[in-house]
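The values are calculated or read from the model by the stated rules, or taken from the named source; none is laboratory data. Everything quoted here is computed from the prediction, not taken from an experiment. Here Cβ is always computed from backbone atoms with ideal geometry, including for glycine, and neighbour counts include all displayed protein chains. Surface accessibility is based on the protein's heavy atoms, side chains included, excluding ligands, DNA and RNA. Shrake-Rupley method; radii C 1.70, N 1.55, O 1.52, S 1.80 Å.
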Amino acid sequence: MTAKTQNPAGRARAEIDLGALRANVRTLRACSPGAQLMAVVKADAYGHGAVPCARAARQAGAAWTGTATPQEALALRAAGIDGPMLCWLWTPGGPWREAIEADIDVSVSGMWALREVTDAARAAGRTARIQLKADTGLGRNGCQPADWPELVHAALATPEVTVTGLWSHFACADEPGHPSIAAQLSVFQEMLAFAEKAGATPEVRHIANSPATLTLPESHFDLVRTGIAMYGVSPAPELGTSQELGLRPVMTLAASVALTKQVPAGHGVSYGHHYVTRGETTLGLVPLGYADGIPRHASGRGPVLVEGKVRTAAGRIAMDQFVVDLEGDTVEPGAEAILFGPGERGEPTVEDWARAADTIGYEIVTRIGSRVPRVYVNECSGDE
């Protein structure tokens, strides 16, 4: 028997299946048996809710949690999330001391950051745990190979810090066979070898994100960082669907149909009248819009399951609502409209909406806004 929170009646809800998340963590751990797993819960756990998801991931064996910003990491600590934690997106003047005092590992990509974390550690009277990030080819955050020797030597010579990790990030792990994958792995191994020869003894070395966890065992090292895959969304169509990857989507987005009405042929629908009814039909109003994170780019294409049939957003998706053509079917107000879910009841998936909006699944779930309440189900791991 699974524990389930009652769905509140209302405009809309995002149901978050924590049992599915735990199952995904176990699947991903099985893909990387020689490495620990970091549950990445940045951006409010990709829209799923950082604290409940972090807690569920830890229950399923995630050894680490990871966030982008220090504020995200500090909020997790304040909520009682324990264990090793890394945050990596720092700007000058960030809350270094607070992170140090909360036993959060901080990422350092350049000398300015090393100076700031050193000053904060001195002020706190504690040794800072730092992880040095290498830019192996992504060209985003991280230290360039030419600057790596200076950063490594300076960090190892600074008594106020301990180098707990060496890490990097792939640019194209979601494109199997892309030449940059092997090139980045080679550069990473060279930068690891340099740091370790200089005296670094990291607890963890890591470069694998979700797609690399699923497809590149040679990249797993000591730790894999799983984000989107943990939430049951395929990292890329080229890798397969969620089902093919053995993952279960965690979020189901649904709304209550707000209104249905008969309209004649030739009736325009929504802004700009980009949709005009071909014949007399029934329209249904779905009370979600781009203010809730429903992509306007999916206007005319976004799929919705209503009364057992997949309908399509008719005309423009507006700020708070959009319309579906019910093709004459009788649907009562209050009927459930499912935008996406696992797909087991014939409902669309996150990947379907990503295709409709010409984007990626990451964006679809992450952009679901705070006006949509999260309803957590299967919160108790002991029921599985």
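Which of the trypsin sites (Lys or Arg not before Pro) found in segment 114-156 are in a DSSP loop and have at most 11 neighbouring Cβ atoms, other than their own, within 10 Å?
Arg140
What's the local net charge at Ala12, with K and R +1, D and E -1, over the other residues with C-beta under 15 Å away?
Residues close to Ala12 contribute a combined charge of 0.
Starting from the Cα coordinates of the chain, work out the convex hull volume and express it per residue in Å³.
Per residue, the Cα convex hull of the chain comes to 143 Å³.
Stick to the Cα atoms of segment 168-229, pair each with every other, and give me the Kirkwood hydrodynamic radius in Å at one decimal.
Here the Kirkwood hydrodynamic radius works out to 12.0 Å.
With +1 on the Cβ of every Lys and Arg and -1 on the Cβ of every Asp and Glu, and nothing else charged, how large is the dipole of segment 22-134 about its Cα centre, in debye rounded to the nearest 20?
Rounded to the nearest 20 debye, it is 320 debye.
If the chain between Glu280 and Met111 were fully stretched, how many nm would it gain, using 0.36 nm times the residue separation less the Cα-Cα distance?
Gain on extension, Glu280 to Met111, equals 54.1 nm.
Sum -39500 (n - 2.57) across every DSSP H segment of at least 4 residues in the chain, then divide by the residue count to get the 222 nm mean residue ellipticity, nearest 500.
The helix contribution divided over the chain gives -8000 deg cm²/dmol.
Just to compare against my own numbers: the Cα pair-distance distribution for segment 273-358, 5 Å bins, whole % per bin, please.
3, 15, 27, 27, 19, 7, 1
Taking N as the number of residues in segment 157-203, what is its alpha-carbon radius of gyration divided by 2.2 N^0.38 Å?
Ratio of Cα Rg to 2.2 N^0.38 Å: 1.43.
Calculate, for segment 1-158, the solvent-accessible area per residue in square angstrom, rolling a 1.4 angstrom probe over the heavy atoms of the protein chains.
Spelled out: the 1.4 Å probe surface of segment 1-158, per residue, equals 41 Å².
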